[in-house]
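Note sheet for the following structure.
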Amino acid sequence: MGKNNKKKSSLPHEKHLLLPLHSTAATTPVVDTHTHLLATYSWYRSKYSTGTFGDIYEFVRGLYVGRNVKAIVDVWCEPPVPRVWKELADSAISPEDRATMWGGVDYWFVMGVHPHEAKHYNDEVEKTILEAMAHPRCVGWGEIGLDYHYDHSSRQIQQRIFARQLRNAVALKKPLTIHTREAEEDTERILKAEVPVDHPIHIHCFTDSPEFARRLLDHFPNLHIGITGVISYSTNTNTSATVRHMVSRPEGPRFLLETDAPYMVPANIYDSLSEVKGRLPLCHTAMIPWVADFAAASGIDGWDTARIMRRANENARKVYGITIN
């Protein structure tokens with residue numbers, strides 16, 4: 001009994017999920033190019049069973065409105081995809097519904113099958129994805145790719161399903177959201193074999209070697225690299241080194257900002273949350289400015305938080321067609 005009480009008391013009150021307005025976000029729009037909204041809300045409900053927000057829309061309006069969040073790209077990548085994807089997407093078609101349901105936040109989405117779930121990919125799953133690709137709020141196919149860290153699906157199956165999804169997305173001219181982890185050689189080989197050099201690509205939550213990033217950036221001129229809160233973790237130096245390389249490139253940095261919520265709360269956010277005891281149980285889109293803060297502190301001269309966010313927003317338009325009103 002005492003142990004359970006101690007565990008409960010270590011959970012910060014849900015009021016701390018409503019972040020202070022970041023000084024940069026007050027003037028610079030927040031765009032999250034990769035979030036798992038259903039998982040984030042479900043995680044919230046699991047941690048705060050009697051919490052304030054009764055559905056996803058209330059969650060978004062409660063935590064994002066007033067924090068200058070302008071757009072999110074929601075990611076559906078675990079088959080079978082729940083049909084609620086269509087309810088959320090349909091609720092964001094008209095400007096009036098976006099204003100009413102989403103508090104003015106632009107909702108976009110991508111859909112694909114994650115490499116962990118590649119063994120579950122079949123014709124029926126593909127049929128759902130192809131249906132989603134025709135939706136007016138769909139901006140890409142993903143997240144797809146290879147993950148050799150866990151090997152939840154065999155590497156042979158991962159490679160086969162990765163190539164199959166790439167072919168479909170390329171045929172439809174849909175931007176690609178790529179997951180790659182500890183699979184540099186095979187990811188590079190398959191991408192170069194299946195994807196035209198000028199195709200828009202988002203390498204999501206990049207943590208692999210800077211050399212791998214450089215090779216991809218050199219080959220694909222419309223490839224961009226996603227930065228999440230993992231950049232702030234002491235166990236990861238690759239992402240900061242990759243940011244420094246991107247800033248040094250003659251065309252300028254091709255980075256995107258993302259949360260991968262509910263995962264990877266930025267470690268530096270607690271500098272702004274002096275009243276929080278313990279650790280926040282989930283990440284969410286309003287944390288984007290702190291990701292940009294850490295990137296700005298990664299040894300890149302002339303790039304403050306606001307400039308990083310503005311550039312990332314420009315890149316979101318290039319990759320996904322997201323425009324900020």
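Evaluate the following for residue 276: is it of a type in the set (A, V, I, L, M, F, W, C) and closer than 30 Å to residue 105 by Cα?
On the way: of a type in the set (A, V, I, L, M, F, W, C): yes; closer than 30 Å to residue 105 by Cα: yes.
Considered against the rule, which asks whether it is of a type in the set (A, V, I, L, M, F, W, C) and closer than 30 Å to residue 105 by Cα, residue 276 comes out as yes.
Applying the selection to region 167-200, what residues are β-branched (Val, Ile, Thr) and more than 24 Å from residue 259 (Cα to Cα)?
170, 190, 195, 197 - these are the residues of region 167-200 that are β-branched (Val, Ile, Thr) and more than 24 Å from residue 259 (Cα to Cα).
Working only within region 216-248, note down all residues that are more than 13 Å from residue 315 (Cβ to Cβ) and outside any helix (DSSP H, G or I).
Listed by number, the residues that qualify are 220, 228, 233, 234, 235, 236, 237.
Please verify whether region 171-180 includes one or more residues that are small (Gly, Ala, Ser) and either touching a residue at least 24 places away in the same chain (Cβ under 8 Å) or within 19 Å of residue 119 (Cβ to Cβ) (or both).
no
For the condition of a type in the set (A, V, I, L, M) and under 28 Å from residue 297 (Cβ atoms), what is the one hit in 213, 163, 169?
Selected residue: 213, the only one of 213, 163, 169 that is of a type in the set (A, V, I, L, M) and under 28 Å from residue 297 (Cβ atoms).
With the requirement that a residue be closer than 18 Å to residue 207 by Cβ, of a type outside the set (A, V, I, L, M, F, W, C) and surrounded by fewer than 21 Cβ atoms within 10 Å (Cβ to Cβ), what does region 263-298 give you?
263, 268, 298
When both residues are 6+ apart or on different chains and their Cβ atoms are under 7 Å apart, which pairs have a first residue that lies in region 239-251 and is open to solvent by 30 Å² or more (accessible area, probe 1.4 Å), and a second that is at pLDDT below 95 and among the β-branched types (Val, Ile, Thr)?
If the second residue must be at pLDDT below 95 and among the β-branched types (Val, Ile, Thr), the pairs left are 244/300; 247/300.
Which is in a helix (DSSP H, G or I) and over 16 Å from the mean Cα position of the chain (by Cα), of 292, 316, 306? Break it down stepwise before answering.
Values: 292 fails: over 16 Å from the mean Cα position of the chain (by Cα); 316 fails: over 16 Å from the mean Cα position of the chain (by Cα).
After applying the criteria, what remains is 306.
Answer yes or no as to whether residue 188 is in a helix (DSSP H, G or I) and either touching a residue at least 24 places away in the same chain (Cβ under 8 Å) or surrounded by 14 or more Cβ atoms within 10 Å (Cβ to Cβ) (or both).
Working: in a helix (DSSP H, G or I): yes; either touching a residue at least 24 places away in the same chain (Cβ under 8 Å) or surrounded by 14 or more Cβ atoms within 10 Å (Cβ to Cβ) (or both): yes.
Spelling it out, residue 188 is indeed in a helix (DSSP H, G or I) and either touching a residue at least 24 places away in the same chain (Cβ under 8 Å) or surrounded by 14 or more Cβ atoms within 10 Å (Cβ to Cβ) (or both).
It is to be established whether one or more residues within region 13-34 are within 26 Å of residue 131 (Cβ to Cβ), over 16 Å from the mean Cα position of the chain (by Cα) and basic (Lys, Arg).
no
Quick grid of which residues meet (1) farther than 19 Å from residue 31 by Cα; (2) not hydroxyl-bearing (Ser, Thr, Tyr):
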site	(1), (2)
259	no, no
264	no, yes
274	yes, no
279	yes, yes
288	no, yes
293	no, yes
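Scanning region 136-161 for residues that are open to solvent by less than 50 Å² (accessible area, probe 1.4 Å), part of a loop (DSSP other than H, G, I, E, B) and without any contact (Cβ under 8 Å) to a residue 40 or more places away in the chain, which turns out nearest to residue 91 (Cα to Cα)?
The qualifying residue nearest to residue 91 (Cα to Cα) is 153.
The values are calculated or read from the model by the stated rules, or taken from the named source; none is laboratory data. Here the structure is a predicted model, which means the values were calculated and not measured. Glycine also receives a Cβ, built like all others from the backbone with ideal geometry; neighbour counts cover every protein chain displayed. Accessible surface is based on the protein model in full, side chains and every heavy atom, while ligands, DNA and RNA are left aside. Shrake-Rupley method; radii C 1.70, N 1.55, O 1.52, S 1.80 Å.
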